[in-house]
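Just so it is clear, none of the values below were taken in a lab; they were calculated from the coordinates. Everything numeric here is computed off the predicted structure, so don't read it as measured data. In this analysis, Cβ positions are derived from the backbone assuming ideal geometry, glycine residues included, and neighbour counts consider all displayed protein chains.
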Amino acid sequence: MNKEQGTRNKEQGARSKKSKALQVRRAMQHACPPLDRVGGGFLTSLFSKLQVVTFFCLLFTFSSCNFNTVVDTNQSIEDNQWLYANVAKAEFEIKDVTKPYQVNFKLRINTEYRYSNLFVLATLKDAKTRKKTRYQFKLAKEDGTWLGKGSGDLYTYSFPLLKNHRFADTGKYHIEIEQNMRDNPLLGISDVGIEVK
């Protein structure tokens, strides 16, 4: 009898341990559901929302950068020697006369440039009119420090030719910019360009 009782007690103890382990396992499953269930719900939803937000941010950045610019040209100057005859040119079309535009002259120089300023002649033409304006741009401080962006041999500038300008008519326009210094060629000019935005 004692042996049988001992065997029964051992069997009951083993069953009790198994049932407790099973209860603990079930409780853990409710408290911490498997990752595939979580990923299929909350994490997947969160990831999808992040993808949508990222897409719209990129779309906004792309549209703000590209669609506000009407034209953006860049002309490399051969041997860094800008001749009078080597005119920077840009053609563009204005479709909306109600909004203001900005026209910029872009310039890149190297350390061969000998002056602290630059004179240019800018000619703006449309189907009816032609206007020529002389501009002076400051490139360096009195101590010789360049004011442009960059370091070493190259410095980049962007100078406004027209600010908050409203064109009189829709249609095609043409801009030409020529250097107006005494030197021909003018040494140390790497690139010139025109931007309308």
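Projected label points at GLU112 and LYS89, each 7 Å from Cα along the beta carbon direction, are separated by 2.5 nanometres. Checking the Cα-Cα distances for LYS141/LYS197; LYS95/LYS131; LYS95/LYS138; LYS95/LYS163 against a 23 Å cut-off, the pairs over it are LYS141/LYS197; LYS95/LYS138. Sites listed here are chymotrypsin sites (Phe, Trp or Tyr not before Pro) in the stretch 64-163 whose DSSP assignment is loop and whose Cβ has at most 12 other Cβ atoms within 10 Å: PHE67.
What FRET efficiency, computed as 1/(1 + (r/R0)^6) with R0 = 25 Å and r the Cβ-Cβ distance, is obtained for LYS132 and GLN81, rounded to the nearest 0.05?
Given R0 = 25 Å and the Cβ-Cβ separation, E is 0.60.
Rounded to 0.05, the FRET efficiency of the SER151 and LYS99 pair, given R0 = 35 Å and the Cβ-Cβ distance, is 0.45. Other residues lying with their Cβ under 10 Å from the Cβ of ASP126 contribute a combined charge of +4, Lys and Arg counting +1, Asp and Glu -1. Using the Cβ-Cβ distance between ASN184 and PHE159 with R0 set to 30 Å, the FRET efficiency works out to roughly 0.90.
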